[in-house]
1. Return the residue satisfying two criteria in turn: it lies in segment 231-248 and is open to solvent by 20 Å² or more (accessible area, probe 1.4 Å) and hydrophobic (A, V, I, L, M, F, W, C), and of such residues it is nearest to GLU290 (Cα to Cα).
2. Mind checking which residues of segment 183-209 are modelled with pLDDT under 80, assigned to a loop (DSSP other than H, G, I, E, B) and open to solvent by 10 Å² or more (accessible area, probe 1.4 Å)?
3. Take the residues of segment 152-162 that are modelled with pLDDT of 95 or more and open to solvent by less than 30 Å² (accessible area, probe 1.4 Å): which is farthest from GLY234 (Cα to Cα)?
4. Pick out, from segment 1-114, the helices (runs of 4 or more DSSP H) lying fully within it that include 1 or more residues that are surrounded by 19 or more Cβ atoms within 10 Å (Cβ to Cβ).
5. Looking at segment 166-182, can you tell me whether even one residue there is part of a strand (DSSP E or B), within 22 Å of LEU292 (Cα to Cα) and not aromatic (Phe, Trp, Tyr)?
6. For segment 115-127, give me each residue that is in contact with a Gly (Cβ under 8 Å, 6 or more places away or on another chain) and either in a strand (DSSP E or B) or open to solvent by 30 Å² or more (accessible area, probe 1.4 Å) (or both).
7. What are the residues in segment 56-113 that are at pLDDT below 95 and of a type in the set (A, V, I, L, M), if any?
8. Pick from ALA276, ALA218: which is free of Cβ contacts under 8 Å to residues at least 12 places away in the same chain and open to solvent by less than 60 Å² (accessible area, probe 1.4 Å)?
Amino acid sequence: MRRLRRTETLRGLIRETELSPAHLIQPLFVVAGEGVREEVSSMPGIERFSISGLVAEAGGLVEVGIGALLLFGVPASKDETGSGAYDDEGVVQMAVRALKEAHPGLTVITDVCLCGYTSHGHCGFVRDGEVDNDLTLELLAKTAISHAEAGADAVAPSDMMDGRVGSIRHQLDEEGHAGTPIVAYSAKYASAFYGPFRDAAESTPEFGDRRGYQMDPANAAEAVREARLDLDEGADMLMVKPAVPYLDVVRRIKQETGAPLAAYHVSGEYSMLKAAAANGWIDERQAVLETLTAIRRAGADAIVTYYAKEAAAWLR
């Protein structure tokens, strides 16, 4: 076996898994206001931008070969119903228009959820201390429609409400957006690895937690059921979140559905690598590329990662 491992050329000839910038999606945070550029303290190297800075940052992604981004909004104000999420003049909607005008070839995927827009930090409308699933579906569909009308290339519901893919698909089709794909967060776990993201998106729940609607980390067969339900409801691409602690789930969903699949290498995974690299404990470049290759090897067609821009530059 060692004979074909002797040189880089030989290793390249038999390499089974390809990792390129085309497989990477960069998450970006857009905030209300002008001239804003804020570092996220728990995510070294990641910043929140107002729209002009966001457009400039997107240009840097294009330069290194990144073809897609996933957009999260941080509004100026919040309320109990998360109305900023479906406001046609909301921060995401305005950002999408600016991005598509400046970079028409860049694929803009928008996160569809209410957690960053609600005063209580939960992913839907709260009634009597619990998230009301069916009322939330209406608000999520309104949000997806507003994103599509602003020019989003795809919408990505991350809320984990039952039936949200079907509701969004129906409304998109009814309102002239039948060509807008849905990237469904099908297996989104109630994970400890989301902490830095909640700092960036200001979306920590004010009471309780999200275990009532996000998945139990102990379950894998349930993830396959979720994925199949989303496909039946009209999802075009599935997603597993987080990535590395759930590589078995990535593999299982890919094998059992055969559907296009993304995996989200989340904020906590990113920050752990950054912290280890800052302390000199690992070679950052090698560790990151090994991690992303592992996610691809498990079966992910695309990887959402905060390392997308850096990794793309390393891969060129």
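The values are calculated or read from the model by the stated rules, or taken from the named source; none is laboratory data. These figures come from a predicted structure and were not determined experimentally. Reconstructed Cβ throughout: ideal geometry from the backbone, glycine too, with neighbour counts over all protein chains shown. All accessible areas refer to the heavy atoms of the entire protein, side chains included, with ligands and DNA or RNA removed. Shrake-Rupley method; radii C 1.70, N 1.55, O 1.52, S 1.80 Å.
1. VAL244
2. Of everything in segment 183-209, those that are modelled with pLDDT under 80, assigned to a loop (DSSP other than H, G, I, E, B) and open to solvent by 10 Å² or more (accessible area, probe 1.4 Å) turn out to be GLU202, THR204, PRO205, GLU206, PHE207, GLY208, ASP209.
3. ALA152
4. On the way: elements: 8-13, 51-63, 91-102.
Correct list: 51-63, 91-102.
5. Quick first cut of segment 166-182, residues part of a strand (DSSP E or B) only: 182.
Filter again for within 22 Å of LEU292 (Cα to Cα), leaving none.
Checked against the condition, which is being part of a strand (DSSP E or B), within 22 Å of LEU292 (Cα to Cα) and not aromatic (Phe, Trp, Tyr), segment 166-182 yields no hits at all.
6. Listed by number, the residues that qualify are THR118, PHE125.
7. VAL74, ALA76, ALA85
8. Working: ALA218 fails: open to solvent by less than 60 Å² (accessible area, probe 1.4 Å).
Within the list ALA276, ALA218, the selection yields ALA276.
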